[in-house]
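The values are calculated or read from the model by the stated rules, or taken from the named source; none is laboratory data. Keep in mind it's a predicted model, so treat the numbers as computed, not measured. No Cβ is skipped: glycine too gets one built from the backbone with ideal geometry, and neighbour counts run over all protein chains shown.
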Amino acid sequence: MAADLFSDIEFLKGVGKAKGEMYRKIGINTPYDLLYHIPRDYLDYRAYIPIVQAEPEAYSVLRLTITKKLPVKRIRNRLVICNAVATDGISDILIVIYNNVYLFNSLKEFETYYMYGKVTGGFTRKEITSPLFIPADSKILIQPVYKLTQGLSVNAIRGHMQQALALLEQQPFETLPEDIREKYGLPPLDWSLKNVHFPESDVSAEQARRRIVFEELLKLQLGMIMLKLRKRSHTVFEMNIRTSMEDFFAALPFAMTDDQRKAVDEITADLCSGYPMDRLLQGDVGSGKTAVAAAACCFAAKNGHQSAIMAPTEILASQHFRTFRNFLQGLGINVGLLTGSTPAKQKADIRQRLKSGEIQVIVGTHAIIQKDVEYKSLALVITDEQHRFGVAQRAALAEKSVSPHKLIMSATPIPRTLALNVFGDLDVSSIRQLPNGRSPVKTYAVTGKKRDGAFGFVRARLDEGRQAYIVCPMIEESESELFAVKTYAENAAKTTLKGYSTALLHGKMKPAEKEEVMGRFSSGEIQALICTTVVEVGVDVPNAAVMVIENAERFGLSQLHQLRGRVGRGKFESTCILITDNKNDDCIRRMKIISSTTDGFKIAQADLDMRGPGDFFGSAQHGLPPLKLAGASDITAMSEEVRKCAEELLLDDPTLDKPENRAIKIETLKLFNKEVTS
């Protein structure tokens, strides 16, 4: 069977079952998929240098003529060594290839090649080991470098890519209408795919990349807008815009910030619009999102409807329950708590009161979405730290009602340009101001040499009656890392924190064990909590005023900021001490940024600039398709232009059913797995 663009990848010459399985592991099933396996970099064979200028232990491009191939050496431990002598016309060099006789045989004596590899040796004798090479008469001297998977070499992928591009030449296609390409200066797709893999020049590579990035972002935007339009069905929970909230604001023990009041206004306007609200409420740690959510629940209750708030842990659910009850019970609004550990008799009573409508606001964990939980009039669904819930859990909560209003709260600030892409189907409210009287957490980065001084500071705060978090990295939560954290906690209890009450908290503990430890810490029984990132989004302990983060280089900027947000939540001056001995430029830059600002939005932007979209686009975070090529700088530079293009397309053709738009519609549906029409 001859291969075509949409046949199984195995039908390409040289792929077969074994390599086909390797390709499928990285999501490549067809030659068409392979075309979108974009190079991570390029190797420019035009930039060759003389052998004499090659730096020892550095990778270089050389132009070499093979003068002599030496006999293949076979060593007892199955090691095969292939050597050849080559020259650049002035100096000689030894080519060394290990365990690849096939590759060695492809080199011909007296023929010239461009070679790229690590050059070793001294002034008198140099070697280049296992180089990548192409014949000197090759027409394409800028070669792609791909992200590899085990069993697929660079040369293998390049060869298969050439075949896929040949199929594209036989079956050319285009996804963007010609007028869009002309308006936004985009070259044809077949030319772009060819030049993103094997560019004719640096300029061609950049033009090709821009075209593919533009289309990638356009598909994301089209999908987001179509999702948003799909949700514009009328809701039965249209509320009264004239509902007074003055008693709520008057009862608060503080004055809301301007950002909080604006967010409340945006939410109440949505609740009265006649359409289901889909809004993201994002704000820095400690910015007062919960008070805004409580205002939304109050507004719903005044209109005769119920609200449900789902938190990712029982600790956080209990904390929210206390907060919402304090805000609302004085106004005659009944607030309930339902979690997995709620006693059976109490659960039955709560379920009955929810069904009758007596409980107007319910706070809980996934227990509030169980099949036996019924509501009288559930109009507002709020999820806190929603990325910690599976898609099915969030959907189950929304399905407890017909087209309810949805509010998502997140303490992970997202830069505006990224938010427009990630949450294009949501409206976004942002709280940037901190409440009055909240002091910024002082942050210091020190080396391990100052660890004793840092813990002296911790002990001084504990002696004053404060509490502390000591955070240890356990990124993979492997057994070896768990052992290291346990050992650290045992040693600390005997040395740096001897005489103080300590406890260990980590992700491998059972939920009940975590709850018990955090309860003791909240009550003040535990003075120093030695923990992993399980406290990143955790309980509010106003008395905790100091945090030490060990091996701080192992955390990203946003994660460091989230961890730091566990302190500084009360009236006491708070401090965060970052300990690291890592001196690479990236680590030093991160430590300087986190020490110089407590603005979560600035930190999020810096994090994005340094490491790209990363987790922001991961399916674990929000269920949206990941971007293969577009990076942080692309999103910043092209977002507005792409969004404008998407809106123009949908304004002219809301269903993208015109013949010239069918291809981009198919690609968008494919990217979203048909979600935008389901």
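For the stretch 286-304, the tally of residues that are part of a loop (DSSP other than H, G, I, E, B) and either buried (at least 24 other Cβ atoms within 10 Å of the Cβ) or touching a Pro at 6+ places or on another chain (Cβ under 9 Å) (or both) stands at 3. Scan the stretch 163-173 and give yes if some residue there is within 30 Å of the chain's Cα centre (by Cα) and either surrounded by fewer than 20 Cβ atoms within 10 Å (Cβ to Cβ) or polar (S, T, N, Q) (or both), otherwise no. The answer is no; no qualifying residue exists. Restricting the first member to the stretch 636-651 and to residues that are more than 19 Å from Lys665 (Cα to Cα), and the second to residues that are at pLDDT below 85 and in a helix (DSSP H, G or I), the beta-carbon pairs closer than 7 Å and six or more apart or on different chains are Thr636/Thr417; Ser639/Thr417; Ser639/Leu420; Ser639/Asn421.
The strands (runs of 3 or more DSSP E) found wholly in the stretch 36-116 and carrying at least 1 residues that are under 42 Å from the mean Cα position of the chain (by Cα) and surrounded by 13 or more Cβ atoms within 10 Å (Cβ to Cβ) occupy 41-44, 58-69, 92-98. Scanning the stretch 305-333 for residues that are assigned to a loop (DSSP other than H, G, I, E, B) and farther than 18 Å from Thr243 by Cβ turns up Ala311, Pro312, Thr313. The set of residues from the stretch 205-259 being under 30 Å from Tyr42 (Cα atoms) and in contact with a strand residue (DSSP E or B) (Cβ under 9 Å, 6 or more places away or on another chain) comprises just one member, Ala205. Kindly evaluate Asp92 against the criterion of being touching a helix residue (DSSP H, G or I) at 6+ places or on another chain (Cβ under 7 Å), acidic (Asp, Glu) and in contact (Cβ under 8 Å) with a residue 12 or more places away in the chain. So Asp92 does not fit the description; no.
Flag set for Asp259, criterion: farther than 21 Å from His305 by Cα, in contact with a Lys or Arg (Cβ under 6 Å, 6 or more places away or on another chain) and acidic (Asp, Glu).
Scanning the stretch 168-216 for residues that are within 22 Å of Asn661 (Cα to Cα), free of Cβ contacts under 8 Å to residues at least 60 places away in the same chain and not in a helix (DSSP H, G or I) turns up Pro172, Gly185, Leu186, Pro187, Pro188.
Is it fair to say Ala136 is closer than 16 Å to Tyr45 by Cα and surrounded by 15 or more Cβ atoms within 10 Å (Cβ to Cβ)? So Ala136 fits the description; yes.
Residues that are among the aliphatic types (A, V, I, L, M) and in a helix (DSSP H, G or I) within the stretch 549-575 comprise Ala552, Leu557, Leu560, Leu563, listed in sequence order. Leu578 fulfils the conditions (1) buried (at least 21 other Cβ atoms within 10 Å of the Cβ); (2) assigned by TED's automatic domain parsing to the domain that holds Ala468; (3) in a helix (DSSP H, G or I) except for a single criterion, (3). Being out of contact with any strand residue (DSSP E or B) (no Cβ under 7 Å at 6 or more places or on another chain), within 30 Å of Ile93 (Cβ to Cβ) and at pLDDT below 90: is that true of Arg76 here? Yes, satisfied.
In the stretch 248-262, the qualifying residues are those that are crowded, with 18+ Cβ neighbours inside 10 Å and assigned to a loop (DSSP other than H, G, I, E, B), and the one that is nearest to the chain's Cα centre (by Cα) is Thr257. Only a single criterion out of (1) among the small types (Gly, Ala, Ser); (2) farther than 24 Å from Ser233 by Cβ; (3) assigned to a helix (DSSP H, G or I) is not satisfied by Ala269, namely (2).
The set of residues from the stretch 350-372 being among the hydrophobic types (A, V, I, L, M, F, W, C) and closer than 12 Å to Asn334 by Cβ comprises Ile350, Leu354, Ile359, Val361, Ile362, Val363. Here the stretch 351-371 is the region considered, the condition is being touching a Ser or Thr at 6+ places or on another chain (Cβ under 7 Å) and of a type in the set (Val, Ile, Thr), and the residue that is surrounded by the most Cβ atoms within 10 Å (Cβ to Cβ) is Val361. Would you tally the residues in the stretch 329-346 being without any contact (Cβ under 8 Å) to a residue 40 or more places away in the chain and either in contact with an Asp or Glu (Cβ under 7 Å, 6 or more places away or on another chain) or crowded, with 18+ Cβ neighbours inside 10 Å (or both)? Residues flagged as without any contact (Cβ under 8 Å) to a residue 40 or more places away in the chain and either in contact with an Asp or Glu (Cβ under 7 Å, 6 or more places away or on another chain) or crowded, with 18+ Cβ neighbours inside 10 Å (or both) within the stretch 329-346 amount to 8.
Against the definition (modelled with pLDDT under 85, of a type in the set (Ser, Thr, Tyr) and within 30 Å of the chain's Cα centre (by Cα)), how does Thr339 come out, yes or no? Considered against the rule, which asks whether it is modelled with pLDDT under 85, of a type in the set (Ser, Thr, Tyr) and within 30 Å of the chain's Cα centre (by Cα), Thr339 comes out as no. So which of Glu515, Glu525 ends up being surrounded by fewer than 23 Cβ atoms within 10 Å (Cβ to Cβ) and at pLDDT 90 or above? After ruling out the rest, the residue left standing is Glu525.
Cβ separations smaller than 8 Å between residues 6+ apart or across chains give the following pairs from the stretch 473-495 residues that are assigned to a helix (DSSP H, G or I) and buried (at least 16 other Cβ atoms within 10 Å of the Cβ) to residues that are polar (S, T, N, Q) and at pLDDT 80 or above: Val485/Thr532; Ala489/Thr502; Ala492/Thr502; Ala493/Thr502.
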